[in-house]
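Here's the structure, in structure tokens; my notes come after.
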Amino acid sequence: MNGADRLISSLISCGVDTCFANPGTSEMHMVQAIDRSEDFHAILCLFEGVCTGAADGFGRMRGRPASTLLHLGAGLGNGIANLHNCRRAATPLLNIVGDHAIHHVAYDAPLTSDIEAVAKPVSSWIRTSRSSTSMDLDVWDAVQSTLSNHPDSLGNISTLIVPADCAWSESTERSLPPITQNLVAADPAKVEQVAQVIDSDTMILVDGNGLTEEGVKSAGRIAKKTGCRVFTPTFPARVESGPDLPLIHRLPYFPEQIIELLQPVQKLVLCGGAAPVSFFAYPSLPSHLVPDHCAVLQLAHRHEDVATTLQNLADSLGAKDYDPANGTRPEVPTSGETSVRSVATMLATRIPDDAIITGDSGGGGAAFPLMQRAVGHTWLNLTGGSIGDGGPVGVGAAVACPDRPVFALLGDGGAMYTNQFLWTAARENLNLTTVIFSNQQYNILEVEYLRTGVNEIGKRAASLFDLSNPQLDWVKLAEAQGVPAMRASTCEQFIDGLDASNSTDGPFLIEAMV
């Protein structure tokens, strides 16, 4: 048994049996160890940003980490954008990054880099192994850290760097203690303090595991009892929704909308959520969006047991039940061209119960309020704003939950960042339907440009938002990677595409012209 064998067996012992991999020469001994293990599922991704995004989606759905296998600092750097999103989602994830042998680093070979420095902005735990004999302890510490409580924004990503000689050198086997995960609910005194003041002038901002089914039900009980309003942040990591659950609203995106929404609020209770701030700075708007007259009460942080805290608050208030959303599926548009609104409506009419939805940039977010009332589902958001996340997160969710259909709702520009996810979906035969909202432009950038105060977009500026020259062909892009695809310009065509996708267990792509 060498260090690489010990690494893989230790991962399995710690409950990590899935790896999204893009290895290189420095990882070959780990690849060999994977080849010798029948209990470890390694999935090849053609770009590191797909590896990291897929591991994020897996962790959000399973509640325990997958690993990545990345090649040196350059490979880790290629995955940073979706690790940024993963950090913001507080998803448990373990990066395994190969490095040059310890004695080789001094020669400054072409791929030498400061891997720890690359990892630092997105990692809550970092270690470079120094011996094959301590590989099992390094793995245990790394996995335990992914499931430990880290303060807001620090995230739950561990990065373990494995020099090649630590992988190829002889190692020994020993037993490891079990991995533990202990979330702590808010102090009962805080719960009682909030229970004394919560009323119809209060907003509760819920995030973390408060958006699981039990957390949502408890929030609904509180809202019915007190008349308060319950919101999530603009981009929560995971939300359970459906007609049988209470309706949880979402903060809007633009700061003016949040300021207007918060004006009548006298008390803001943070239960997993953080005080709202503007996504970007604007010359005439504040960054901190809570009005001066609004008192802010911190009940629970996101890394704490928000669901139990909400349950305790509901019990303290004597709140017995909640009002379900009680929505129905909308009528299917029977004719006309596809638009963001019509596509969102058709998704709400046809997506199966208990589906998983992953979002990114583009028009997919328009489906959320319709689906929230119409069909039971799990929604996974783009948390950190780094686009190109939705497709890889869909891959990871489909691997984590093979018995549930997954739908990735993506803008055409954002999806191009990581379009290699389609190849992995085809290779693994994942039940993943991709809907591309194809408007052939970076629409959000055009909106933001106009918000700077200009009245007209000049030719050179417009060229930086335009995706139509040359025009992307998502049907060909998908088919070239092994995914059946079709283009829909009418509602009839889009419904036909959804029906075709729902009738197969493998991947499918619909390019919706909007």
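If the chain between SER134 and GLU260 were fully stretched, how many nm would it gain, using 0.36 nm times the residue separation less the Cα-Cα distance?
Gain in length upon complete extension: 39.8 nm.
Over the Cα atoms of region 250-343, how large are the radius of gyration and the largest Cα-Cα distance (Dmax), in Å?
18.6, 52
Cα to Cα, under 20 Å, and not fewer than 8 places away if on the same chain: which lysines meet these conditions relative to LYS224?
Within the straight-line cut-off, LYS224 pairs with LYS267, LYS320.
Where does the chain land at 222 nm, in deg cm²/dmol rounded to the nearest 500, when only DSSP H runs of n ≥ 4 count, each adding -39500 (n - 2.57), divided by all residues?
Value at 222 nm, helices only: -10500 deg cm²/dmol.
How big is the Kirkwood radius of region 36-149, worked out from every pair of different alpha carbons and given in Å to one decimal?
Computed over region 36-149, the radius equals 14.8 Å.
Simple spin-label model, 7 Å along Cα-to-Cβ: ALA101 to ASP201 in nm?
7.2 nm
Taking +1 at the Cβ of each Lys and Arg and -1 at the Cβ of each Asp and Glu, which of LEU211, ASN149, SER200 sits farthest along the dipole of region 109-245 towards its positive end, judged by Cα position relative to the Cα centre?
Comparing the listed Cα positions along the dipole, SER200 ranks first.
What shape does region 1-95 have by the C-alpha gyration tensor, where a ≥ b ≥ c are the square roots of the eigenvalues, rounded means a/c under 1.5, and otherwise prolate means a/b greater than b/c and oblate the rest?
Oblate shape, in that a/c is at least 1.5 and b/c is the bigger or equal ratio.
Using alpha-carbon positions, what is the distance between the centroids of region 474-514 and region 244-286, in Å?
Each part reduced to its Cα centre gives a spacing of 36 Å.
Tell me the accessible surface of ILE115 in square angstrom (1.4 angstrom probe, heavy atoms of protein chains only), to the nearest ten.
10 Å²
With +1 on the Cβ of every Lys and Arg and -1 on the Cβ of every Asp and Glu, and nothing else charged, how large is the dipole of region 75-218 about its Cα centre, in debye rounded to the nearest 20?
140 debye
Could you state the principal axis extents of the C-alpha atoms in region 366-485, from the largest down, to the nearest angstrom?
That works out to 50, 36, 23 Å along the principal axes.
So how exposed is PHE231, as accessible area in Å² (1.4 Å probe, rounded to 10)?
It works out to around 10 Å².
Taking a ≥ b ≥ c as the square roots of the eigenvalues of the Cα gyration tensor of region 228-275, is the shape rounded (a/c under 1.5), prolate (a/b larger than b/c) or oblate?
prolate
Compute and list, largest first, the equivalent-ellipsoid semi-axes of region 342-395 from the alpha carbon gyration tensor, each √(5λ) rounded to a whole angstrom.
They are 19, 12, 9 Å, listed from largest to smallest.
Given N residues in region 461-514, what is its alpha carbon radius of gyration divided by 2.2 N^0.38 Å?
For region 461-514, the normalised Cα radius of gyration is 1.32.
First select every other residue whose beta carbon is under 13 angstrom from the beta carbon of SER124; then total the charges, Lys and Arg +1, Asp and Glu -1.
Overall, the nearby charge balance is +2.
Quote to one decimal, in nm, the extra length available between HIS288 and LEU450 on full extension: 0.36 nm per residue of separation minus the C-alpha distance between them.
Value of the extension gain: 56.1 nm.
Contour minus end-to-end for LEU183 and ASP354, with contour as 0.36 nm per residue of separation and end-to-end as the Cα-Cα distance?
Length gained between LEU183 and ASP354: 58.9 nm.
Once you charge only the Cβ atoms, +1 for Lys and Arg and -1 for Asp and Glu, what is the size of the charge dipole of the chain about its Cα centre, to the nearest 20 debye?
Computed about the Cα centre, the dipole is about 780 debye.
Just to confirm my numbers, what's the Cα centroid distance between region 119-136 and region 141-196 in Å?
13 Å
Per-residue accessible area for PHE47 at 1.4 Å probe radius, Å² rounded to 10?
Accessible area, nearest 10 Å²: 50 Å².
Past the 11 angstrom mark, what percentage of all C-alpha to C-alpha distances in region 1-49 do you count?
67 percent
For region 451-469 and region 379-427, what is the separation of their Cα centres, given in Å?
Result: 28 Å between the Cα centres.
Which label marks the calculated value of Rg and Dmax of the Cα atoms in Å, given the options [x] 23.5, 69; [y] 23.3, 81; [z] 25.4, 88?
Given [x] 23.5, 69; [y] 23.3, 81; [z] 25.4, 88, the calculated one carries the label [x].
The values are calculated or read from the model by the stated rules, or taken from the named source; none is laboratory data. All values derive from a computational prediction rather than experimental measurement. All Cβ positions, even for glycine, are placed from backbone atoms using ideal geometry, and neighbour counts span all protein chains on display. What goes into the accessible areas is simple: the full protein's heavy atoms, side chains included, and nothing from ligands, DNA or RNA. Shrake-Rupley method; radii C 1.70, N 1.55, O 1.52, S 1.80 Å.
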